[in-house]
Amino acid sequence: VDNTVPAATISTPSAEVYRSRGLPISFSATDTNFSSYTLYYRTTTANGDVTSDWVTVTAGTAAGDQNSSIDTTYPLINSRIQLWFDAVDLAGNHSEVSYVPLYIDNISPTFSLRINGGDTYSNDRNVSVAFIDLQDEPFGATSSMSTYWLGTRDAIVPASPWTGTSYTDELSAGDGTKSIYGIVCDAAGNSSAVAMDSIILDQTEPAMATF
């Protein structure tokens with residue numbers, strides 16, 4: 001008599017994370033009479049409300065006492081999903097199902113830059129830089145952001161932590177038109193296109209007219 005359910009785990013990913021397509025899923029099952037396994041997914045909202053039926057990602061069979069590790073890839077969708085792994089032994093016992101929520105995202109975020117709220121001139125080299133009109137489909141505006149880059153066209157500062165949508169930057173010395181370039185990266189690793197805004201730095205005092 002075999003009443004022992006197989007041990008089933010999803011080891012990668014191990015927690016709710018953002019991922020782009022093509023990264024591996026690792027899962028395993030152990031039982032003295034291991035027979036078969038199935039990996040499913042279904043889509044959900046950000047709150048976990050189910051929006052689709054279960055779809056089989058991969059399935060297979062195995063015999064004997066073994067720990068089977070299978071690598072596959074995420075389904076080709078942009079959505080929040082639940083991964084669900086079920087193993088069955090020869091006696092028909094189903095595992096206590098292992099599941100993990102996961103965000104699948106390969107869409108690049110979009111945004112615009114504004115220096116000093118769109119001012120044309122500044123008399124101070126220290127300016128504010130705002131990331132506006134930020135969109136990161138399908139997960140909203142800022143919830144899935146992870147890093148930003150800011151700087152000149154040839155020297156964008158790498159891998160700064162994402163802590164908000166407004167930052168400060170220092171313009172180069174000397175009067176004239178100054179441009180700031182930026183990139184944002186979402187939590188799945190998708191980078192935006194480069195955005196740019198310009199402002200005229202004028203720190204020269206007006207000359208007094210003499211009569």
From the list Pro138, Pro101, Pro158, which residue is open to solvent by 40 Å² or more (accessible area, probe 1.4 Å) and either in a strand (DSSP E or B) or at pLDDT 90 or above (or both)?
Pro158
Qualifying positions in the stretch 104-131 - open to solvent by 50 Å² or more (accessible area, probe 1.4 Å) and part of a strand (DSSP E or B)
Thr110, Arg114, Tyr121, Asn126
Per the list (1) closer than 30 Å to Asp202 by Cα; (2) at pLDDT 85 or above; (3) in contact with a strand residue (DSSP E or B) (Cβ under 6 Å, 6 or more places away or on another chain), residue check on Thr165 breaks on (2)
Go through the stretch 69-98 and give me each residue that's under 18 Å from Ser11 (Cβ atoms), open to solvent by less than 20 Å² (accessible area, probe 1.4 Å) and modelled with pLDDT under 65.
Tyr74
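Going through the stretch 169-193 one residue at a time, which ones are under 35 Å from the mean Cα position of the chain (by Cα), part of a loop (DSSP other than H, G, I, E, B) and loosely packed, with under 13 Cβ neighbours inside 10 Å?
Within the stretch 169-193, the subset under 35 Å from the mean Cα position of the chain (by Cα) is 169-172, 177-193.
Checking the rest, the ones that are also part of a loop (DSSP other than H, G, I, E, B) come to 171-172, 187-190, 192-193.
Matches in the stretch 169-193: Ser172, Ala193.
The values are calculated or read from the model by the stated rules, or taken from the named source; none is laboratory data. These numbers come from a predicted model, not from an experiment. Heads up, the Cβs are rebuilt from the backbone with ideal geometry, glycines too, and the neighbour counts pull from every protein chain shown. Ligands, DNA and RNA are stripped out before the accessible areas are found, and what is left, the full protein with its side chains, is counted by its heavy atoms. Shrake-Rupley method; radii C 1.70, N 1.55, O 1.52, S 1.80 Å.
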